[in-house]
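First up is the structure itself, then whatever we jot down about it.
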Amino acid sequence: MADDSLPLSSVRDLKTHETSANGRPFASLLVIKKLAAKTASNGNPFFSVELGDRTGSFGCTVFGDSPVFETFKAAGEGAVVRIEGKIDFYQGRLSPRLNRATPLAESELGAPGLLENLVETAPENAEALWTECSGFIEGIAHAELRATVRAVFDEVGDAFKWSPAAVSMHHAYRHGLLEHTVHMARACRALLPLYPEVHGDLAMAGILLHDTGKTIEYEGTLATKRSRRGILQGHVVLGYQLARKAGMKAKLAPDLLERLEHIILSHQGEPEWGAAVYAATPEAVFVSMIDNLDAKMGMVQRALRQASEGDEFSERLPGLSSALLTRKPGG
């Protein structure tokens, strides 16, 4: 039977325990954020699972003989489950033993405050971010570039305000795409005086549009996954298509349209990171570097927000190829 007497612990609560707490029972209400079916070398099936709430997430391996295996298989990604288990750490990382998983019924998801506790959101107010983003759009002096950017945002609609900027790497939470774009636009405005070679309106238009393809690439309310078009084309190509359609409609000069498309196609920096081409214009280099900066600092900011008071380092961040020192400088 489920032990309803156990208080619900957040992911942050679980991570704050010392290894001396190993074996202590816990209960948590979590989202199945990722569920990847795999096969062990002996032929037995297992799941690589990521569970999380608004305070963070953790990964674990669920083998075929686990009492929660069939529940996870039936529930799938995006399901909300009550997890019961025992706290455990492996090589300093939370890796609890899961004893029971109970999916919440659809009718239970409407409980007051439930989704707010499960879904991580940008730390800045979303409406304020959108107001600031709209100001950056209207601040583009070049009429056809401004019309192009407006047309793309009209097409993607409210999806831009809600979308994450990634599945896991950076700004991977609700409103994350909006936050990432506004942070880049702020950096653009601050740095343009240092680089007079960069066409300011073109760079700003490129920043505002560079990731708009992610509104099509990603889908899901509680767990983000890539859509069919996202898998087959990717956000770089999808964003290029949005910008090209809008630019032609706005009668943007062919040279400017080609340069704007190039910013989108090259902003990922390296082909192995998803870029279609290397940055080959002043504006494309400028935008790609700002994108890389904010992506990495977004990882830093999130790790600092999720750090427990007693932690010295975060878990290893793949995007930084390192753990992050989370304690503030002394002296």
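The values are calculated or read from the model by the stated rules, or taken from the named source; none is laboratory data. Quantities reported herein were computed from a predicted structural model and do not represent experimental measurements. Every residue, glycine as well, gets a Cβ built from its backbone with ideal geometry; the counts of neighbours run over all protein chains shown.
A few points about this structure:
- Out of ALA151, ALA126, ALA165, one residue alone is farther than 30 Å from ILE32 by Cβ and among the small types (Gly, Ala, Ser). It is ALA151.
- Looking at region 198-269, the helices (runs of 4 or more DSSP H) lying wholly inside it that each contain 2 or more residues that are within 21 Å of MET184 (Cα to Cα) sit at 200-209, 214-217, 234-249, 254-266.
- Against the test of being more than 30 Å from GLY298 (Cβ to Cβ) and surrounded by fewer than 15 Cβ atoms within 10 Å (Cβ to Cβ), the options PHE46, PHE63 yield a single qualifying residue, PHE63.
- Boolean, LEU256 is in the same structural domain as MET204 (by TED's automatic domain parsing), on the phi < 0 side of the Ramachandran plot, buried (at least 16 other Cβ atoms within 10 Å of the Cβ) and aliphatic (A, V, I, L, M): yes
- Test: PHE286 is closer than 24 Å to GLN91 by Cβ and aromatic (Phe, Trp, Tyr): no
- Residue in region 294-312 that is over 18 Å from the mean Cα position of the chain (by Cα), surrounded by fewer than 17 Cβ atoms within 10 Å (Cβ to Cβ) and closer than 23 Å to TYR173 by Cβ present: yes
- Candidates GLU70, GLU116, GLU144, GLU108, filtered to the one that is under 24 Å from the mean Cα position of the chain (by Cα) and not in a strand (DSSP E or B): GLU116
- Of HIS171, HIS175, all but one fail to be in contact with a strand residue (DSSP E or B) (Cβ under 6 Å, 6 or more places away or on another chain), surrounded by 23 or more Cβ atoms within 10 Å (Cβ to Cβ) and over 23 Å from ALA143 (Cα atoms); the exception is HIS175.
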